[in-house]
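The values are calculated or read from the model by the stated rules, or taken from the named source; none is laboratory data. Computed from a prediction, not measured in an experiment: that's the story for all the values here. Here Cβ is always computed from backbone atoms with ideal geometry, including for glycine, and neighbour counts include all displayed protein chains. Accessible surface is based on the protein model in full, side chains and every heavy atom, while ligands, DNA and RNA are left aside. Shrake-Rupley method; radii C 1.70, N 1.55, O 1.52, S 1.80 Å.
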Number of protein chains: 4
Amino acid sequence: MEANQNAFEPRSATLLLHCDLRAGVAGDLTRFIQVNGGRIVYHDQYVDTEINHYYTRLEWDPAGFVVGDAALADRIRPLIGDGPDTEYSLHFSDRIKRMAVFVSKDPWCLYDILARSQSGEWRVDIPVIVGNHPDLKSVADKFGIEFRLLPVTSANKGEVEDAQLALLAKHSVDFIVLAKYMQIVSERFVRAYPNRIINIHHAFLPAFPGARPYHSARARGVKIIGATSHYVTEELDAGPIIEQDVLRVSHRHSVQELVRSGRDLEKIVLSRAIWRHLQHKIIVHRGRTIVFH
Amino acid sequence: MEANQNAFEPRSATLLLHCDLRAGVAGDLTRFIQVNGGRIVYHDQYVDTEINHYYTRLEWDPAGFVVGDAALADRIRPLIGDGPDTEYSLHFSDRIKRMAVFVSKDPWCLYDILARSQSGEWRVDIPVIVGNHPDLKSVADKFGIEFRLLPVTSANKGEVEDAQLALLAKHSVDFIVLAKYMQIVSERFVRAYPNRIINIHHAFLPAFPGARPYHSARARGVKIIGATSHYVTEELDAGPIIEQDVLRVSHRHSVQELVRSGRDLEKIVLSRAIWRHLQHKIIVHRGRTIVFH
Amino acid sequence: MEANQNAFEPRSATLLLHCDLRAGVAGDLTRFIQVNGGRIVYHDQYVDTEINHYYTRLEWDPAGFVVGDAALADRIRPLIGDGPDTEYSLHFSDRIKRMAVFVSKDPWCLYDILARSQSGEWRVDIPVIVGNHPDLKSVADKFGIEFRLLPVTSANKGEVEDAQLALLAKHSVDFIVLAKYMQIVSERFVRAYPNRIINIHHAFLPAFPGARPYHSARARGVKIIGATSHYVTEELDAGPIIEQDVLRVSHRHSVQELVRSGRDLEKIVLSRAIWRHLQHKIIVHRGRTIVFH
Amino acid sequence: MEANQNAFEPRSATLLLHCDLRAGVAGDLTRFIQVNGGRIVYHDQYVDTEINHYYTRLEWDPAGFVVGDAALADRIRPLIGDGPDTEYSLHFSDRIKRMAVFVSKDPWCLYDILARSQSGEWRVDIPVIVGNHPDLKSVADKFGIEFRLLPVTSANKGEVEDAQLALLAKHSVDFIVLAKYMQIVSERFVRAYPNRIINIHHAFLPAFPGARPYHSARARGVKIIGATSHYVTEELDAGPIIEQDVLRVSHRHSVQELVRSGRDLEKIVLSRAIWRHLQHKIIVHRGRTIVFH
C-alpha cells in the first residue's frame, strides 16, 4: 500500500443523529461536547419542517475530551430524548471500516475502488472480494486482495448466501459494495446488513429499473442517461438513493456507446456514495437519505 | 413588435428527410442542389446502422436555384426511392410558421415564449393563445395577442375540442405548444396534429410521468430533477422526446422549492424544443427523435 | 400586476451576519429569538475554519416576537461582539425592495426580470428602467414601467451619472441590476451602492473578462461556455461572484451560435443571483460571497 | 492482461483529413472507398463556413478493399488537392498505438489509465511509465509495466530530456500522456511530438493557468471548477483544448476539498481526451481541435 495514510487528520469522533425536533437540541449537543473538552471540527444539521424532524452530524477532536468512548452513548441519550423515531450512531476515525466488494464480470467499478483505497484516497480495509464469476480474480491479485469465487445458480442460491454470510462474518465486514454484481440479493441477506449494502444501478432511477437499462434508454430515445447509487432494500432498485449523476446523449449513441459512456458515470457515482458512507455523512430515514456535505 | 426581423438570413430552403439507406444517396442529393444552382449552407446526416436507415437535413440558398418550389418534390422523389419507410418535407424560410399556445394558470413558459417571439429571437407568428382558465389573459394582453378562454370540464370536453380545432383551423395554425396546459388532449386532437403538438412535462421522463412529479421526486428522494419536452402522442407522456435537462437537488429541497427550481428548467427545455422545431431540425421516426444541431 | 402576491408567506424577519467565531454564538442568537417569542423558520450557518470566521442567516416569524424592529439591532449587538470584522443587516419581508434595471439593447434579461416580477415569482418593486439606448422602451411600456433614456457618450458620462444617481435617489432604489448594460460604471457610482449593483457577464469568469467573450471563447476553442453574475466593484469584472453556470459547446458552434446559446445562460444566471439577493441570502466578505440555500 | 481484446471490431482503416473546401470532395472520397470495395462504417464531416475549410473522418472495413495500404496515400491525394492548408493521416486498427505515461506523485490519473488499458476498454500498448519521483513505481509494478525514474532538477533538465527522448525512441512511442507530470516540457521536446503530447490541467482554461489553480479558484470565489485536457504546445497551458468538464462548488469547499473533488474531474477528462486520440477522432487546426463523436 502506498503510504499517505498519514495525510489523514488526527483521531476524530462523529455523532450521526436524527430525532424529533426539540427546541435547543442543537445547542445542548454542541455545549455538551465543548464543555467536556471536545473541539468541534464539523457541524451540519437539517430540519425537515414538514415532519418537524431534526438531523445532524457533529464531528469533534477528542484529544482533550473527558468523556470516554464507552460512556459517550449514555451521556448523549438524555440530550436527544427517547422518541420512537430517534436513531444515532457514534464513529471513531481510528476504527477503520471493513468493506467487502461483490463483483461479476465488469471491472471498472472494482478498479476505481481499489485504486482509491490503495492510494490512500480512502481510509478503508478491503479484506475480501467476492465474485460469482472468475473473471476479476486477476484484478484482485494485482492489488493483493483475497478473491473468493462463489458462483451462483438458481439451484444453489441459498447455499451460496450462507457461504457469503459466513465469509463476511469471518472478516468482520462492516458494509458491502455491490460493484456491478449482477445478482439480486435475498431479503435475508439485506436484513443482515440494513443500510449497509451499497449498489450501483446503471440508470437514472426511478427511470429504467431492472435489467438492460441502456437498451431501454435507447428505445425510449432519452436525451440524458444517468447512474444511481443506493442502499439495497428488499424491493429491487427501490432503496434510498445516495447519489446520482447524468450525461447528455443523442440519437447518435448506439446501445454500445451508451454502455461505454455509462461506465464512467457508474464508477464515479458509486465511489462518491462509498466516500460519503465512509465519512459517516449519510442518514437514512423514511426511505430517503440525508447526505451531509 | 420589436423590429430585428431583418437580423434573419436571406430566404432559405430546407429538406428534412429519412429513408432506407442507399449507397450514394447523400451525394445524389447534394449534387442535385448544386447542379441546379443552390448554394448549400447546412448539411447534416445520420445513419442508424442497426436498421440501415438514413436521416438528413439539407438547407440551401435558393437565390440562383433553377427548380421552382412547386416542382421540387417531384425532382427529389426519384433520388430517394419510394420505400415504405420514406418521409420528407420541404420548408421555405419566408413561409413563417403559425403557432398556437395553450395555457392554464402557470405563466413562466408563456412569458418565455412571448418574449422570444416578440424580441425577434424566434421567427414565428402567434395568432392566438388558448386558456382553460382566465388567469393568463393579462399576459396575452400585454403582448397584444388574442386570448381565447375555453374552460374545460369533464362534461364539455368534446365540445371544447371542437371549438379548439375550429379556432386552430381558422387561424391556419401549423403547430401547437402546450405551455403548462394541464389537460390531457384526446386521440382525435392528437391525430389532427401528428408530431405537431409540443408538450413540456415537469420531470425527467420516463421517471415520474403523470400528475405531481415534484411530489413523487421528493418522496423518492432523487438527487436530480428534470424536465422533458416531447411531441404529444395518444399515450400520456410517452411521445418522442425532443429535449431534456436536469438540475441537482438535495434533501433540503421541499416540494415547494423543487417546484420553484423546476420552473426555469421547464421554460428553457420547452423553448429549446420549440426552437429546434422552428428550424426544422427534428425528424420523428419509430417513436424517437433525430435532432440535428 | 397578476395577483398571487398572497402566495408569499406571512411577515418574516431576517438577520444576515458575519463575525469572528466565538464559541456559543449560534446558540446565543437562536435562544435570543426563541426566548423573545420568535419562531425560527430558517437557520443556516457556515464557519470558515481557515480564518475562524462565522457566517449565518436566521429568519423567524415575528408574530409573537416581543422585541420591536427598532430595538432589535441594539439587542443583537452584544451577542455578536464588536470585532473589527463584524457586519450584520436586518430585513423585514413587508419592506419590499426597490430595484432599478439598467439596459442597453439586448432584451432577454430584461424580459426575464419583468416576467418574474410581474407574475409574482419575485416580490420586488421596479420603479424605473434606465436605458442608454431607446431600443427597449417598448418592453418597458408593455409592462407599464417608466423607461428613462439617458444616452451615454464619452463626453457626457459624468453628467449622465449625476442624472442616474438623482433618479435612483428620487425612486428610493435599494439595488441596481445591470441587465446587459454595456457601459462601465464609475468608481463614484459603485461606491454609492456597495454590493448592491448586480451585473451579468457573458463568460465563465475569470476566463474572458472584458468585451467580446464569445469571440474569445471561439478563438480559444473552449468546449464549455459560461455566464457569471457578480456584484460590481471598482475593478472591471472582478467583483464577488454570486452565481455561474455553463453549457457544453463544440467546434460546430460559430460565434453567432455561441451568442444565441449564451442568452439563456445569461438570463437564468442573472435571475438566480437577483433571487438570492432578494432573499437576503448573500454575504460578501473579503471579495467572495457566501450564498445560503 | 485481461483478455477481452477480441471485443474489438475487425480491422478498420481510418482517414482523418482537413483541406480547403471544394464542391464534391465528400462525394469523391466516399465513392473512391466504395468503388474499391471498402464498406464505410463511419463518416462524419464539418465545414467551417467562416474560413471555407473542410474536415472529415472516414472509417471503413477494408476486408474487400482492393487498394493496398501502401498505395492508399497516392490514390487519395488527387482527390483532396494540394492546397497549402491540407493535412491528412491514415490509420489501421491492427497497428496498435504505443503510449508513454509521464507522472510525478499524484496517482489518480495513472490508475485510471492503467485500469482502462489492462481491462481492454482501450486498445493501446504502454511500454513505459516515466516518473520524476519514485512514488508511483509501486503502481507501475502492480500492472507489470516498466517504470523509469528520471528525476528532474533545474541543473539536469536538458540531460533528462535527452534520456527521455532516447527512451521514447527506443520504445517506438507514438504519443505521450502527461498524467499529472508536474514539470514544464521544453520547446525541443514539444517539437519532437507535435500534437502528440496530451496534458491535463486542473482548471477550466483559460481561467487559472499555471500553478495552484485550486488555490486561485478558492481565492476568486468561483462557483464552478473545471479541468481541461489539451495538446501541449510551446506556450504553457495554451495548447488546443481537447476536452473540458466542470463541477459545481460553493463557499463551503476549502482548497483541500476542491483538490479532492477535482481529482475525479481530472482523471475522467484526461481519459476522455486519450480515448478520442486513440480513435483518431481529433483534428488540430489553427490552434483549435475538431473532435468528432
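Say whether the condition of being more than 10 Å from chain C (Cβ to nearest Cβ) and aromatic (Phe, Trp, Tyr) is met by at least one residue in segment D:281-292.
No - not one qualifying residue is present in segment D:281-292.
Within segment A:20-63, take every residue that is within 10 Å of chain C (Cβ to nearest Cβ) and charged (D, E, K, R) and give me the one that is most open to solvent (accessible area, probe 1.4 Å).
Top of the filtered list is A:39.
Would you mind telling me which numbered condition in (1) out of contact with any strand residue (DSSP E or B) (no Cβ under 7 Å at 6 or more places or on another chain); (2) free of Cβ contacts under 8 Å to residues at least 60 places away in the same chain residue A:125 fails?
For residue A:125, the failing item is (1).
Spot the failing condition for residue D:83; the list is (1) out of contact with any Cys (no Cβ under 8 Å at 6 or more places or on another chain); (2) surrounded by fewer than 19 Cβ atoms within 10 Å (Cβ to Cβ), and only one is missed.
Checking residue D:83 against (1) out of contact with any Cys (no Cβ under 8 Å at 6 or more places or on another chain); (2) surrounded by fewer than 19 Cβ atoms within 10 Å (Cβ to Cβ), the one that fails is (1).
Only residues in segment C:66-78 that are open to solvent by less than 100 Å² (accessible area, probe 1.4 Å) count as the first member; pair them with residues that are of a type outside the set (Ser, Thr, Tyr) and part of a helix (DSSP H, G or I), Cβ under 8 angstrom, at least 6 apart or cross-chain, and list the lot.
These pairs meet every condition: C:67/C:75; C:76/C:29; C:76/C:32.
Limited to segment A:265-280, what total is found for residues that are within 14 Å of chain B (Cβ to nearest Cβ) and open to solvent by 40 Å² or more (accessible area, probe 1.4 Å)?
Selection size over segment A:265-280: 2.
Considering only segment C:234-264, state which residues are open to solvent by less than 20 Å² (accessible area, probe 1.4 Å) and more than 12 Å from chain D (Cβ to nearest Cβ).
C:258, C:262 - these are the residues of segment C:234-264 that are open to solvent by less than 20 Å² (accessible area, probe 1.4 Å) and more than 12 Å from chain D (Cβ to nearest Cβ).
Filter segment A:145-154 for residues that are more than 18 Å from residue A:108 (Cα to Cα), assigned to a loop (DSSP other than H, G, I, E, B) and either touching a residue at least 24 places away in the same chain (Cβ under 8 Å) or hydrophobic (A, V, I, L, M, F, W, C) (or both) and give the result.
A:150, A:152
Test residue B:26 against the stated conditions and say whether it is of a type in the set (Gly, Ala, Ser), in a loop (DSSP other than H, G, I, E, B) and not assigned by TED's automatic domain parsing to the domain that holds residue B:266.
For residue B:26, the condition - of a type in the set (Gly, Ala, Ser), in a loop (DSSP other than H, G, I, E, B) and not assigned by TED's automatic domain parsing to the domain that holds residue B:266 - is not met.
Go through segment A:173-211 and give me each residue that's within 14 Å of chain B (Cβ to nearest Cβ), free of Cβ contacts under 8 Å to residues at least 60 places away in the same chain and part of a loop (DSSP other than H, G, I, E, B).
Passing the criteria: A:203, A:204, A:205, A:206, A:207, A:208, A:209, A:210.
Conditions (1) within 25 Å of the chain's Cα centre (by Cα); (2) small (Gly, Ala, Ser), marked per residue:
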{"residue": "C:58", "(1), (2)": "yes, no"}
{"residue": "C:65", "(1), (2)": "no, no"}
{"residue": "C:83", "(1), (2)": "no, yes"}
{"residue": "C:91", "(1), (2)": "yes, no"}
{"residue": "C:100", "(1), (2)": "yes, yes"}
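Which of (1) buried (at least 22 other Cβ atoms within 10 Å of the Cβ); (2) assigned by TED's automatic domain parsing to the domain that holds residue D:103; (3) β-branched (Val, Ile, Thr) is the odd one out, the single condition residue D:225 does not satisfy?
(2)
Listed residues A:231, A:214, A:181; which is crowded, with 18+ Cβ neighbours inside 10 Å and assigned by TED's automatic domain parsing to the domain that holds residue A:105?
After ruling out the rest, the residue left standing is A:181.
Suppose we filter A:157, A:170 for residues that are surrounded by fewer than 18 Cβ atoms within 10 Å (Cβ to Cβ) and in contact (Cβ under 8 Å) with a residue 24 or more places away in the chain; which single one remains?
Being surrounded by fewer than 18 Cβ atoms within 10 Å (Cβ to Cβ) and in contact (Cβ under 8 Å) with a residue 24 or more places away in the chain holds for just one of A:157, A:170, which is A:157.
So which residues in segment B:92-102 are under 28 Å from residue B:42 (Cβ atoms) and either open to solvent by 30 Å² or more (accessible area, probe 1.4 Å) or of a type in the set (Phe, Trp, Tyr) (or both)?
B:92, B:93, B:94, B:95, B:96, B:97, B:98
When the residues of segment A:186-202 are narrowed to those that are touching a strand residue (DSSP E or B) at 6+ places or on another chain (Cβ under 7 Å) and over 24 Å from residue A:89 (Cα atoms), which ends up most open to solvent (accessible area, probe 1.4 Å)?
A:202
Counting just the residues of segment A:103-134 that are crowded, with 18+ Cβ neighbours inside 10 Å and of a type in the set (Asp, Glu), which one comes out farthest from the chain's Cα centre (by Cα)?
Here the residue is A:106.
Does residue C:271 meet the test of being within 20 Å of the chain's Cα centre (by Cα), small (Gly, Ala, Ser) and in the same structural domain as residue C:130 (by TED's automatic domain parsing)?
Taking the combined requirement at face value, the residue does not satisfy it.
Need the failing condition index for residue A:214 against (1) more than 10 Å from every other protein chain (Cβ to nearest Cβ); (2) on the phi > 0 side of the Ramachandran plot, just the number.
(2)
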